[in-house]
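Enquirer: Can you read through this structure? Questions will come right after.
Laboratory data are not the source of any read-out in this text; all were calculated from the coordinates shown. Keep in mind it's a predicted model, so treat the numbers as computed, not measured. All Cβ positions, glycine included, derive from the backbone under ideal geometry; neighbour counts span all protein chains shown.
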Amino acid sequence: MTYKLYSYWRSSAAFRVRIALNLKGMDYQIIPVHLSKNGGDQLGEEYGKKNPNRLVPILEDGEKSIHQSLAIIEYLEEIQAEPALLPTLAIDRAWVRSVAMDIASDIHPINNLRVLRYLIKKLGISSEAKDEWYGHWIKVGLESVEKQLSLDPRVGRFAYGDQPGLIDVCLVPQLFNALSAKVDIKPYSTLMRIFDECMTLPAFIDASWEKQIDAEGLNPVAPPQK
């Protein structure tokens, strides 16, 4: 079966789902949803019927659809257990989910496109102030994740052990954003080590910005450091 993924090339949430689908070797078709051109495809009536939140991604499985990236990834985990993106032990699954949510629920939403657009267009803040907002919250979030992963013995080649999983799926898109925004990533040596490991794998490479059918321009993200 081929799934349909409504995606935007720079969307972190869609990026996560692309990685998860690739890791599990599941066939899918990308349906591009441009978030900026012509006011944003997601704001159109047709897309609004699919997802009243007017966000990407949406995964269509036949006549059924799921929104919210982490819910989609959990669904993929339930219908195709291998390769697993979550650990076996309940306590470890909870830890992995908590770090993934630190990224997907605490860092990403307040730096999302619609938030930044609202800051400028509705609240009238300057581009410089918007960049300050962006940089502050991404640094606060990455500092927390760096501290957690640098101290936890469960971290291996990847964020949990030696196989990529849910944390890595969430971490890589967030670091793409940080690198694109020219955030100083030197303080996050553990995160960048994991990033470099992930970016040697086809599942991550093929999900990345420049590989998407709707990609625009060159990938501004630096290549792996090693």
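Enquirer: Send over the semi-axes of the range 115-226's equivalent ellipsoid, whole angstrom and largest first, taken as the square roots of 5 times the C-alpha gyration tensor eigenvalues.
Expert: In descending order the semi-axes read 27, 19, 11 Å.
Enquirer: Please say if the range 141-185 is rounded, prolate or oblate, where rounded means a/c under 1.5 for a ≥ b ≥ c the square roots of the C-alpha gyration tensor eigenvalues, and otherwise the choice is prolate for a/b larger than b/c and oblate otherwise? Could you put the intermediate results ahead of the total?
Expert: On the way: a/c = 2.77, a/b = 1.57, b/c = 1.77.
It comes out oblate by the Cα gyration axes.
Enquirer: With 10 angstrom as the radius, rank Arg18, Arg154, Arg54 by how many other C-beta atoms surround their C-beta, starting from the fewest.
Expert: Working: Arg18 27, Arg154 13, Arg54 16.
In increasing order of surrounding Cβ atoms, one gets Arg154, Arg54, Arg18.
Enquirer: With the chain treated as a Gaussian network of Cα nodes joined by springs under 10 Å, which of Ile31, Ile66, Ile79 yields the largest mean-square fluctuation?
Expert: Result: Ile79 has the largest fluctuation of those listed.
Enquirer: So, one more: What fraction of the DSSP beta bridges in the chain is antiparallel, stated in percent and rounded to the nearest 5?
Expert: 55
Enquirer: Follow-up. Among the listed pairs Lys24/Lys211; Lys147/Lys186; Lys37/Lys64, which have their C-alpha atoms separated by more than 25 angstrom in this model? If you can, show how the numbers build up before the last one.
Expert: Working: Lys24/Lys211 18 Å; Lys147/Lys186 14 Å; Lys37/Lys64 27 Å.
Long pairs (Cα-Cα over 25 Å): Lys37/Lys64.
Enquirer: Right, here's the next one. Using only the alpha carbons, work out the radius of gyration and Dmax of the chain in angstrom.
Expert: Expressed in Å, the Cα Rg and Dmax of the chain come to 17.1, 49.
Enquirer: Moving on. Just how large is the dipole of the chain about the Cα centre, in debye to the nearest 20, putting +1 at every Lys and Arg Cβ and -1 at every Asp and Glu Cβ? Intermediate values should be presented prior to the final figure.
Expert: Details: 26 positive and 29 negative charges, 108 e Å.
Using Cβ point charges on Lys, Arg, Asp and Glu, the chain gives about 520 debye.
Enquirer: Right, here's the next one. Under a point spin-label approximation (7 Å from Cα along Cα-to-Cβ), what is the Arg154-Arg117 distance to one decimal in nm?
Expert: So the two model labels end up 3.7 nm from each other.
Enquirer: Would you list, by chain and number, the aspartates and glutamates whose Cα falls below 13 Å from the Cα of Lys49, excluding same-chain residues fewer than 8 positions away?
Expert: The reachable aspartates and glutamates, counting only those whose Cα sits under 13 Å from Lys49, are Asp41.
Enquirer: Moving to a separate point now. Name the longest site-free stretch of the chain, where the excluded sites are GluC sites (Glu not before Pro) in a DSSP loop with no more than 14 other beta-carbon atoms within 10 Å.
Expert: Values: sites that count: Glu63, Glu216.
For GluC sites (Glu not before Pro) (loop position, at most 14 other Cβ atoms within 10 Å), the longest site-free span of the chain is 64-215.
Enquirer: Determine, at each q value in 0.12, 0.17, 0.18, 0.21 (inverse angstroms), the log₁₀ of I(q)/I(0) that the Debye formula gives when each Cα of the range 1-116 is one equal point scatterer.
Expert: -0.45, -0.87, -0.97, -1.24
Enquirer: Then there is this: Could you list the residues of the range 141-176 with an amide nitrogen less than 13 Å from a label point located 7 Å from the Cα of Ile110 in the Cα-to-C-beta direction?
Expert: Correct set: 141-144.
Enquirer: Still on this structure: Taking neighbour counts of Cβ atoms within 10 Å as a proxy for exposure, in what order, fewest first, do His34, His136 appear?
Expert: Values: His34 15, His136 12.
Fewest-to-most ranking of His34, His136: His136, His34.
Enquirer: Straight-line reach from Lys130: which aspartates and glutamates have a Cα under 18 Å away, not including same-chain ones fewer than 8 places off?
Expert: Asp106, Asp184
Enquirer: Could you work out the relative contact order of the range 3-79? I mean the mean sequence separation of Cα pairs under 8 Å and 6+ apart, divided by the number of residues, in percent.
Expert: Details: 103 pairs, mean separation 28.1, N = 77.
Taking the mean separation of contacting Cα pairs over the length of the range 3-79, I get 37 percent.
Enquirer: Can you give the helix-only mean residue ellipticity at 222 nm for the chain, where every DSSP H stretch with n ≥ 4 adds -39500 (n - 2.57) and the sum goes over all residues, rounded to the nearest 500 deg cm²/dmol? Can you show the working numbers first?
Expert: Details: 9 runs with 104 residues, N = 226.
So the helix-based figure for the chain works out to -14000 deg cm²/dmol.
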